[in-house]
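Note sheet for the following structure.
What follows draws every value from the coordinates through simple rules; no lab data is involved. Everything numeric here is computed off the predicted structure, so don't read it as measured data. Virtual Cβ from ideal backbone geometry, glycine too; neighbours counted across all protein chains shown.
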Amino acid sequence: MNPQDFEYLKDFLKTRSGIVLSADKLYLVESRLTPVARDLGMSGIDELIGALRKTADESLKTKITDAMTTNESFFFRDQTPFDNLRDHVLPSMVAARKAKGQNRIRIWSAACSSGQEPYTIAMMLLENKAKFGEMSFEILATDLSTEIVDKAKEGAYSQFEVQRGLPIQLLVKYFTQKDTSWQISDEIRKMIRFQTFNLLDSYGVLGKFDIIFCRNVLIYFDQDTKGAILGRMADISAPDASLFLGGAESVIGISSDYQPVSGVRGVYQLASSGAAARPAPVSAAGNG
């Protein structure tokens with residue numbers, strides 16, 4: 001791949017998705033775009049980028065963007081965020097909503113990939129239904145990739161995928177084996193609304209949220225884009241909303257809209273909510 005094509009692709013991805021493609025990622029470009037070129041009957045990446053330069057075809061742009069989007073995910077990934085959601089964030093939020101006579105909590109799984117994160121949240125909610133009473137939960141799950149959102153909607157996973165982080169008791173309870181794959185139950189699927197969404201677009205169409213999961217996503221953006229995304233998320237958050245970021249991510253030096261919740265790794269609240277004064281949750285075992 002020549003330097004000019006690499007720079008063109010780099011600018012294309014930055015504008016379209018916010019992804020920053022560094023020079024040391026040439027191997028990633030070759031491994032992910034070579035199959036796309038092959039599927040389209042092209043000789044290689046050079047011809048593919050040449051076609052991208054000339055076309056207004058949205059389907060080609062989408063294929064390339066989807067191929068270059070990282071879609072790594074597994075059930076109960078990192079575990080701690082789901083423990084914190086169950087044991088700390090939700091109990092206080094449910095109590096606050098009940099005190100106001102409200103009975104709905106909205107959760108957004110941004111960049112949901114193939115669906116393991118929102119399905120994990122849904123399973124945790126069902127497993128703790130008695131704990132949260134009559135509270136209604138609405139889960140929106142979005143991703144930039146149309147292909148990956150379609151996979152998430154289907155809710156079918158390979159043996160390898162269900163073995164990554166999913167407790168055996170939850171596999172037996174919420175999945176049915178079909179040939180070589182495992183199908184998640186309709187009860188879980190009905191709890192989630194999936195849709196394609198670009199984090200660079202306007203968030204106004206999404207409504208307000210009480211909880212936002214945006215884990216292991218910001219690391220792919222530059223500082224300005226990270227700040228813009230966090231600002232947009234703050235704009236659509238309830239005053240006491242919680243934001244979950246990945247273990248390697250932070251708002252420090254990026255956004256003044258959020259501050260970390262004291263003693264709770266990876267959880268943030270709006271800077272005006274007094275989150276830093278909250279005590280750390282009591283450690284608890286189990287998968288929810």
- Which ³J(HN,Hα) values, rounded to whole Hz and listed in residue order, are derived for the stretch 166-171 from phi using the Karplus coefficients 6.51, -1.76 and 1.60 in 6.51 cos²θ - 1.76 cosθ + 1.60 with θ = phi - 60°, glycine and proline given as x? 8, x, 4, 5, 7, 4
- Item | Mean-position separation - Cα centroids, the stretch 160-228 and the stretch 71-124, in angstrom | 10 Å
- Item | Square roots of 5 times each gyration tensor eigenvalue, C-alpha, the stretch 74-204, largest first, Å | 25, 19, 13
- Note the direction-averaged projected area, equal to a quarter of the hull surface, for the Cα convex hull of the stretch 179-257, in nm². 7.4 nm²
- Anisotropy class of the stretch 71-120 from Cα gyration tensor, a/c 1.5 cut: oblate
- Item | Förster radius 45 Å - calculated FRET efficiency between L26 and D186, Cβ distance, rounded to 0.05 | 0.55
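Around Y119, under 14 Å between beta carbons, what's the net of Lys plus Arg minus Asp minus Glu among the other residues?
On the way: positive: R77, K151, K153, R164, K173, R189, K190, R193; negative: E117, E127, D143, E154, E161, D186, E187.
Its environment carries a net charge of +1.
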- Task: In whole Å, largest first, what are the principal axis extents of the Cα atoms in the stretch 15-66?
- Result: 27, 21, 16
- Message: From the phi angles alone, apply the Karplus equation (6.51, -1.76, 1.60; θ = phi - 60°) to the stretch 20-27 and give each ³J(HN,Hα) in whole Hz, x where the residue is Gly or Pro.
- Response: 9, 9, 7, 4, 7, 9, 4, 4
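Can you tell me the dipole magnitude for the stretch 148-276 around its Cα centre, using point charges on the Cβ only (Lys, Arg +1; Asp, Glu -1), in Debye to the nearest 20?
Working: 13 positive and 14 negative charges, 71 e Å.
Computed about the Cα centre, the dipole is about 340 debye.
Using a 10 Å cut-off on Cβ atoms, rank the peptides 27-38, 133-144, 210-221 from the highest mean neighbour count down. The partial results should precede the final answer.
On the way: 27-38: 14.8, 133-144: 18.7, 210-221: 21.5.
Ranked by mean Cβ neighbours within 10 Å, highest first: 210-221, 133-144, 27-38.
To the nearest 20 debye, what charge dipole does the chain have about its Cα centre, counting +1 at the Cβ of each Lys and Arg and -1 at the Cβ of each Asp and Glu?
Values: 33 positive and 35 negative charges, 191 e Å.
The dipole magnitude comes to about 920 debye.
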- Query: In nm, what is the difference between 0.36 nm times the number of residues separating A130 and R164 and their Cα-Cα distance?
  - Reply: 9.5 nm
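Can you figure out the FRET efficiency of E147 with Q177, using R₀ = 25 Å and their beta-carbon distance, to the nearest 0.05?
On the way: r = 24 Å, r/R0 = 0.97.
Efficiency at R0 = 25 Å is approximately 0.55.
With only alpha-carbon pairs counted, each pair once and no self-pairs, how large is the Kirkwood hydrodynamic radius of the stretch 146-195 in angstroms? Numbers along the way, then the final one.
Values: mean 1/r = 0.0878 Å⁻¹.
Computed over Cα pairs of the stretch 146-195, the Kirkwood hydrodynamic radius comes out at 11.4 Å.
Sorted by average packing, counted as other Cβ atoms within 10 angstrom per residue and highest first, what order do 7-20, 173-186, 108-121 take? Don't skip to the end; give the middle numbers.
Values: 7-20: 16.6, 173-186: 14.6, 108-121: 26.2.
Most protected by this proxy first, the peptides run 108-121, 7-20, 173-186.
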- What is the local net charge at T146, summed over the other residues whose Cβ is closer than 15 Å to its Cβ (Lys, Arg +1; Asp, Glu -1)? -3
- Protection-proxy order for peptides 243-253, 85-95, each taking the mean of Cβ atoms within 10 Å per residue, highest first: 85-95, 243-253
- Note on the structure: Expressed as a whole-number percentage, the relative contact order of the stretch 126-259 with C-alpha contacts under 8 angstrom and at least six residues apart is 24 percent
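Provide the percentage of antiparallel DSSP beta bridges, counting only those with both residues in the stretch 180-271; round to the nearest 5. Walk me through the numbers on the way to the answer.
Numbers: 6 of 10 bridges.
That works out to approximately 60 percent antiparallel.
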- Can you tell me the 0 to 90 degree angle between the C-alpha axis of helix 3-17 and the longest principal axis of the chain, rounded to 10? 30 degrees
- Relative to the compact globular guide of 2.2 N^0.38 Å, what is the alpha carbon radius of gyration of the stretch 137-284, as a ratio? 1.18
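Pairwise over distinct Cα atoms, reciprocal of the mean inverse distance: report the Kirkwood radius of the chain in Å, one decimal place.
Numbers: mean 1/r = 0.0492 Å⁻¹.
So the Kirkwood estimate lands at 20.3 Å.
Note down the relative contact order for the stretch 62-123 as a percent, whole number, built from C-alpha pairs under 8 angstrom at least six residues apart.
On the way: 26 pairs, mean separation 32.7, N = 62.
Worked out over the stretch 62-123, it gives 53 percent.
State the three equivalent ellipsoid semi-axes of the stretch 1-114, derived from the C-alpha gyration tensor as the square roots of 5 times its eigenvalues, in descending order and whole Å. Kindly include the intermediate steps, with their values, before the conclusion.
Working: eigenvalues 357, 47, 31 Å².
Equivalent ellipsoid of the stretch 1-114: 42, 15, 12 Å, largest first.
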- Item | Contact order relative to length of the stretch 21-160, as percent, for alpha carbon pairs under 8 angstrom and 6 or more apart | 24 percent
- Item | Computed helical MRE - 222 nm, the chain, DSSP H runs ≥ 4 contributing -39500 (n - 2.57), nearest 500 | -11500 deg cm²/dmol
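If each residue of separation counts as 0.36 nm, what is the full-extension length gain between T62 and K14 once their alpha-carbon separation is subtracted?
Working: separation 48, 0.36 × 48 = 17.28 nm, distance 1.37 nm.
Using 0.36 nm per residue and subtracting the Cα-Cα distance, I get 15.9 nm.
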- Can you give the net charge of the other residues whose Cβ lies under 15 Å from the Cβ of P3, counting K and R as +1 and D and E as -1? -3
